[in-house]
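Worksheet: the structure to be examined is printed underneath.
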There are 2 protein chains.
Amino acid sequence: MKAASSTAEQSSHDKILDAAEILFAKRGYAGVGLSELAEVVGLGKSSLFHHFENKAQLYAAVAARILGRIEERLVRSLAKGGDPIVRLERWLDELIDLLADHPTYARLLLRSLFEDDDLPGDTPEEQEAHRAIAGMMASVGALVREGMAVGLFRAANVQHLLLTLVGLTVFPFASGEFGAEVLGKDIFDPAEVRRRKRELRDLLRFGLVVNKGR
Amino acid sequence: MKAASSTAEQSSHDKILDAAEILFAKRGYAGVGLSELAEVVGLGKSSLFHHFENKAQLYAAVAARILGRIEERLVRSLAKGGDPIVRLERWLDELIDLLADHPTYARLLLRSLFEDDDLPGDTPEEQEAHRAIAGMMASVGALVREGMAVGLFRAANVQHLLLTLVGLTVFPFASGEFGAEVLGKDIFDPAEVRRRKRELRDLLRFGLVVNKGR
DNA sequence: ATTGAACCCGACCGATCGGTCGGGTCCCGC
DNA sequence: GCGGGACCCGACCGATCGGTCGGGTTCAAT
């Protein structure tokens, strides 16, 4: 929201990354041709190779940039104080806001989960992305464990809970037409984003099933 | 698990579908070449077009077959009696078992969510798949609403809950290396599948946060 | 015995793929 | 004014893409 509003006055390097992010999110790694990307950016295809070694490295750079931004914001979120409940709920809110503000993120994250299984994986960008993911998972894992230790969270399997939390947040914003159809509205609509945060918070607080006795 | 063990004695039509399911799940629509597929099946590339009109229709057929199988099993699950809690938990268990038994399913389902946004979408297979999805969502939606009406479920936004449930179940089995890394084990390991079902059930029953007062 | 459908193939098509190459333009430090 | 790097381009490369075509084989129905 701060910059990036004017498409002009932006280095070719960043314009390529921006366009590639949109295209890769929409059609995936194999579904995007470099000639198409070059045309969108407004460059010759061969100029892309001046800024990036090859297609795979460009893809890794796109993913790494997103991961870096997410990590930066979520690390700052966790750094703020509060008990584990507050910190976890704030973490989730922040992540949802991030995914909602950038419609390409959720899709590209899930797609990269699918594709990095067989992509090379030895570029520094990929290792950086991997490090960012692992770090974030470790941080939230520690937060959850702390909450359990002090009795604020119910005892549960931390690893499965992490998978659950990621699926809960990322999936809806990547679900495209399906999500819109189930929801009846656009998931990226601000009102729906607010609702999503509230619903998720209530689920963690109360579950779904009503426990009458207590 | 019942049949399909011997790769021989199977019509070319089905062999193509089986191989395409694996390949599409692994690398996505654009990432799979028909020559590669033909080679896996053991046919000439041109023979594929005897069984399917083109690549898009083949992909739609693969997706429709999976959706049909899922729908059939889940409809049977919902048909069995029980109060909404029992029915919902059984539905989730059944879906998880299904995804766990067929490692290609979760990935291909998510991928098709991503890709059907811009694929033609007018073939009968696609419409059949779309109908199956809509029907299942409607069934579970009705079940949830019923549970809320009789006071067994907490009042919540049904549409968001549906998205949540799908993400909760499908995502982990599609998360590949990421899921395995977070979990420390293979998600398709039977013990881990059992644990997943239990954790999910407990989350719906109790939430995550401990409510001391009641 | 002939037909015709089901099935399969190799050869081929135009298009596009990721990527290379040589050269051009611009600008900045010397 | 003279490099030299940053930046960009068109032409081109071999490979592969999805798909077509004509013809071959098998087999059941006539």
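Derivation of every value follows stated rules applied to the coordinates shown; laboratory data play no part. It should be emphasised that the depicted structure is a prediction, and the values quoted were computed from it without experimental measurement. All Cβ positions, glycine included, derive from the backbone under ideal geometry; neighbour counts span all protein chains shown.
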Per-residue Cβ contact counts at 10 Å, fewest first, order A:Asp202, A:Asp122, A:Asp83 as A:Asp122, A:Asp83, A:Asp202
Karplus-derived HN-Hα couplings along the range A:44-54 (A = 6.51, B = -1.76, C = 1.60, θ = phi - 60°), whole Hz, x at Gly and Pro: x, 4, 5, 6, 4, 6, 6, 9, 9, 4, 7
Hey, quick one: spin label on B:Asn157, modelled 7 Å out along Cα-Cβ, who in the range A:165-186 has an amide N within reach, i.e. under 17 Å? A:168-186
Using the charge dipole of the range B:84-194 (Lys, Arg: +1 at Cβ; Asp, Glu: -1 at Cβ; taken about the Cα centre), state which of B:Phe178, B:Val193, B:Leu152 has its Cα farthest towards the positive end. B:Leu152
Using only the alpha-carbon atoms of the range A:18-136, report the extent along each of the three principal axes, biggest first, to the nearest angstrom. 53, 28, 23
Unsatisfied cross-links (Cα-Cα over 29 Å) in the set A:Lys26/A:Lys185; A:Lys80/A:Lys185; A:Lys45/B:Lys45; A:Lys26/B:Lys26; A:Lys26/B:Lys197: A:Lys80/A:Lys185; A:Lys45/B:Lys45; A:Lys26/B:Lys197
If amide H atoms are modeled at 1.01 Å from N in the peptide plane, then the residues at a separation of 5 or more from A:Gly207, or on another chain, having amide H under 5 Å from its own are B:Gly207, B:Leu208
Put a point 7 Å out from Cα along the line to Cβ at B:Gly44; what are the distances to that point in the other copies, in nm, shortest first? 4.2
Which helices, taking whole DSSP H runs in chain A, have alpha carbons extending 18 angstrom or more along the helix axis plus mean Kyte-Doolittle at least -0.5? A:12-27, A:55-79, A:84-101, A:103-115, A:124-149, A:158-174
Taking 0.36 nm per residue of separation and subtracting the Cα-Cα distance, what length does fully extending B:Asp101 through B:Lys80 add? 5.4 nm
Which of rounded, prolate or oblate describes the protein assembly as shown when judged by the alpha-carbon gyration tensor and an a/c cut-off of 1.5? oblate
Net dipole in debye of the protein assembly as shown [+1 Lys, Arg Cβ; -1 Asp, Glu Cβ; about Cα centre; nearest 20]: 2180 debye
With +1 on the Cβ of every Lys and Arg and -1 on the Cβ of every Asp and Glu, and nothing else charged, how large is the dipole of chain A about its Cα centre, in debye rounded to the nearest 20? 1100 debye
Can you put B:Arg205, A:Arg111 in order, fewest other beta carbons within 10 Å first? B:Arg205, A:Arg111
Hey, for A:Ala180 with labels 7 Å out along Cα-Cβ, what do the inter-copy distances come to in nm, ordered shortest first? 3.5
In µm²/s, what is D for chain B at 25 °C and 0.890 mPa s, where D = kT/(6 pi eta Rh) by Stokes-Einstein and Rh is the Kirkwood radius from Cα pairs? 129 µm²/s
About its Cα centre, how strong a charge dipole does the range A:1-107 have in debye, to the nearest 20, once Lys and Arg get +1 and Asp and Glu get -1 at the Cβ? 140 debye
For a quick check: with amide H placed at 1.01 Å from N, whose amide H comes under 5 Å from A:Phe153's, ignoring anything fewer than 5 positions away on the same chain? A:Met148, B:Val210
So what's the back-of-envelope 222 nm ellipticity for chain A, counting only DSSP H runs of four-plus at -39500 (n - 2.57) apiece and dividing by all residues, rounded to 500? -24000 deg cm²/dmol
